[in-house]
Amino acid sequence: MRQTWFTHDPIDTDTAEELLSRYASRNISTKKTLATDPRLWLVSALLPEGNSEPRQDRTYQNSIWS
C-alpha cells in the first residue's frame, strides 16, 4: 500500500507532543519541525493511502436539486 506524508496545521508544543505519542503507539513514522511562528510546530506523519476515492456524502443531496 502506498504511503504519503500528512502534515498537520501549526500546533502548540503540548498538542504536538500528544500527537507524536499517539502516532508512536501505533508505530507510525513521524517528524516534528518548527513552523514559521517559533511558538508552533508542524507534525508530519507517514500514513497509508486508500485504494479508492472517498465516497461522496449524500446526506443533504436530493436528485431534484441536480
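The values are calculated or read from the model by the stated rules, or taken from the named source; none is laboratory data. This one's a predicted model, so the numbers in the text were calculated from it and none came from an experiment. All Cβ positions, even for glycine, are placed from backbone atoms using ideal geometry, and neighbour counts span all protein chains on display. Only protein heavy atoms, including side chains, enter the accessible area calculation; ligands, DNA and RNA are left aside. Shrake-Rupley method; radii C 1.70, N 1.55, O 1.52, S 1.80 Å.
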- Task: Pull up segment 23-58, narrow it to residues that are polar (S, T, N, Q) and part of a loop (DSSP other than H, G, I, E, B), then point me to the one that is farthest from Arg2 (Cα to Cα).
- Result: Thr36
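Suppose the filter is open to solvent by 60 Å² or more (accessible area, probe 1.4 Å) and in contact (Cβ under 8 Å) with a residue 24 or more places away in the chain; does Arg55 pass it? Spell out the reasoning first.
Details: open to solvent by 60 Å² or more (accessible area, probe 1.4 Å): yes; in contact (Cβ under 8 Å) with a residue 24 or more places away in the chain: no.
Considered against the rule, which asks whether it is open to solvent by 60 Å² or more (accessible area, probe 1.4 Å) and in contact (Cβ under 8 Å) with a residue 24 or more places away in the chain, Arg55 comes out as no.
For segment 38-50, which residues satisfy the criterion of being open to solvent by 70 Å² or more (accessible area, probe 1.4 Å) and under 12 Å from the mean Cα position of the chain (by Cα)?
Pro48
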- Item | Qualifying positions in segment 1-14 - touching a residue at least 12 places away in the same chain (Cβ under 8 Å) and assigned to a helix (DSSP H, G or I) | Thr13
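Just give me the residues in segment 1-37 being charged (D, E, K, R) and either more than 15 Å from the chain's Cα centre (by Cα) or over 26 Å from Asn51 (Cβ atoms) (or both), in sequence order. Give the steps one after another, and end with the answer.
In the first step, residues of segment 1-37 are kept if they are charged (D, E, K, R); the result is 2, 9, 12, 14, 17-18, 22, 26, 31-32, 37.
Passing the criteria: Arg2, Asp9, Asp12, Asp14, Glu17, Glu18, Lys32, Asp37.
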- Message: Cβ contacts < 7 Å: first residue within 13 Å of Leu19 (Cβ to Cβ) and of a type in the set (S, T, N, Q), restricted to segment 30-46; second residue open to solvent by less than 60 Å² (accessible area, probe 1.4 Å) and outside any strand (DSSP E or B), any location; separation 6+ or different chain. Result?
- Response: Thr30/Leu20; Thr30/Tyr23
- Lys32 passes all but one of the listed conditions (1) at pLDDT 90 or above; (2) open to solvent by 100 Å² or more (accessible area, probe 1.4 Å); (3) charged (D, E, K, R); the exception is number (2)
